[in-house]
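Read through the structure below, which is laid out as structure tokens, and then see the notes.
The values are calculated or read from the model by the stated rules, or taken from the named source; none is laboratory data. Bear in mind the structure is a predicted one, so any value in this text is a computation, not a measurement. Positions of Cβ are generated from backbone atoms using ideal geometry, with glycine treated the same way; all protein chains shown enter the neighbour counts.
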Amino acid sequence: MKKKIFVSHADIILDKIYDTNFNLIKQDGGGSNWNTLYNLSLMNEECYAFGTAGNDKEGKIAIQSLQRVGINTENVLIDETISTAVMNILMPEPNCYDDEIINTWYSPITNKNTMHFSDNLPLNIPENFKDKEIFVILDKFESINYEFLQKLENKKVCLDVGDDEFIEYYTNQYLINFFRQAKLMQLNHNISDYLFKKLKINNEIDFFNLLNLDLLVITDGKKGAKFLYKENSELITVTKTPSIIIDNSVDTTGAGDAFFSTIIKQYAYCQKIDRQFIDHTFEIANQFSRDIIQNLGSRK
């Protein structure tokens, strides 16, 4: 059996968290794909980062956050011509609803755009990857990401579609071609409505049939998630609702990433996707998400 490794390919991102008075109260690595890779490394998986950061303190902090859990960052480029991308997270007043947390590409201090994406991402594949089964985690779908995928053998692509800003400017055919690289996809409930409308399809069943997925997951926050898979050539849909709901969460920023990382882990080692797999995976994914939302920031 080939050894399994987990990789992501994207710009390095730093999360800066501010209180209601715009005081910086925490900064740590961010980005959905990197949070997912971070969580997998916490689960003792072998993880590799392929990314680009600026030669600045934000880049150093974000890279160090990956290194501290054992992620290999030898394939991270330092680009002197860019600034490291920063996501700004504005926390609400105490006792406010958690969905009042604001995630913005603009600094609350300078009002300048802090999310700078680069086309200069690494494409060289280490020689030792040839004898391993590679799980690739992506949440953006640029042509350079597609080029990276084509260079990998023995890969299974895991896509997390969570933001309409990352898909709105692509043609439908481009998105379909990219998504057909995937075996596992996660959508949140809000983006699924937008995506289906954009692709001119009716629902998640049509979406699943359009692609060649092993598993499609559609999350809906505290309400749970819907799983679609095939068993004996029959399309199965299972809706799961959590048995425990946390109302006093600190920050749900990384909940979806925690959920996805657990699903990827279980998917990587499963022999068969069936109802037993779904029940077990949902339970541990929901538990890990509950653990994450008790922390400030998107990571443990």
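For this structure, a couple of remarks:
- Sole exception among (1) in contact with a Lys or Arg (Cβ under 7 Å, 6 or more places away or on another chain); (2) of a type in the set (Asp, Glu); (3) more than 26 Å from residue 120 (Cβ to Cβ) for residue 100, by number: (1)
- Qualifying residue in the stretch 126-136 (condition: over 19 Å from the mean Cα position of the chain (by Cα) and either within 17 Å of residue 12 (Cβ to Cβ) or part of a loop (DSSP other than H, G, I, E, B) (or both)): yes
- Screening 199, 152, 195 for residues that are of a type in the set (A, V, I, L, M, F, W, C), under 29 Å from residue 76 (Cα atoms) and either touching a helix residue (DSSP H, G or I) at 6+ places or on another chain (Cβ under 8 Å) or loosely packed, with under 13 Cβ neighbours inside 10 Å (or both) leaves exactly one candidate, 152.
- When residues in the stretch 166-191 are screened for being of a type in the set (S, T, N, Q), over 17 Å from residue 155 (Cβ atoms) and modelled with pLDDT of 95 or more, 4 of them pass.
- In the stretch 113-142, the residues that are in contact (Cβ under 8 Å) with a residue 12 or more places away in the chain and of a type in the set (Gly, Ala, Ser) form Cβ pairs under 7 Å with partners that are assigned to a loop (DSSP other than H, G, I, E, B) and surrounded by 16 or more Cβ atoms within 10 Å (Cβ to Cβ), at six or more places apart or across chains, as follows: 118/82.
- Among the residues of the stretch 120-143, those identified as out of contact with any helix residue (DSSP H, G or I) (no Cβ under 6 Å at 6 or more places or on another chain), within 15 Å of residue 49 (Cα to Cα) and surrounded by 16 or more Cβ atoms within 10 Å (Cβ to Cβ) are 122, 125, 129, 134, 136.
- Filter pass, residue 81 being among the hydroxyl-bearing types (Ser, Thr, Tyr), over 18 Å from the mean Cα position of the chain (by Cα), closer than 29 Å to residue 20 by Cα and in a loop (DSSP other than H, G, I, E, B): no
- Among the residues of the stretch 159-176, those identified as assigned to a helix (DSSP H, G or I) and out of contact with any helix residue (DSSP H, G or I) (no Cβ under 8 Å at 6 or more places or on another chain) are 165, 166, 173, 174.
- Against the list (1) of a type outside the set (Phe, Trp, Tyr); (2) modelled with pLDDT under 95; (3) surrounded by fewer than 19 Cβ atoms within 10 Å (Cβ to Cβ); (4) closer than 17 Å to residue 43 by Cβ, the condition residue 268 fails is (2).
- For the stretch 1-44, the tally of residues that are of a type outside the set (Ser, Thr, Tyr) and either free of Cβ contacts under 8 Å to residues at least 40 places away in the same chain or not in a strand (DSSP E or B) (or both) stands at 19.
- Filtering the stretch 57-74 for residues that are touching a residue at least 60 places away in the same chain (Cβ under 8 Å) and surrounded by fewer than 17 Cβ atoms within 10 Å (Cβ to Cβ) leaves an empty set.
- Matching residues in the stretch 214-225 - criterion: being modelled with pLDDT of 90 or more and under 17 Å from the mean Cα position of the chain (by Cα): 215, 216, 217, 218, 219, 225
- Exactly one residue out of 278, 273, 263 is modelled with pLDDT of 65 or more, assigned to a helix (DSSP H, G or I), buried (at least 18 other Cβ atoms within 10 Å of the Cβ) and touching a helix residue (DSSP H, G or I) at 6+ places or on another chain (Cβ under 9 Å): that is 263.
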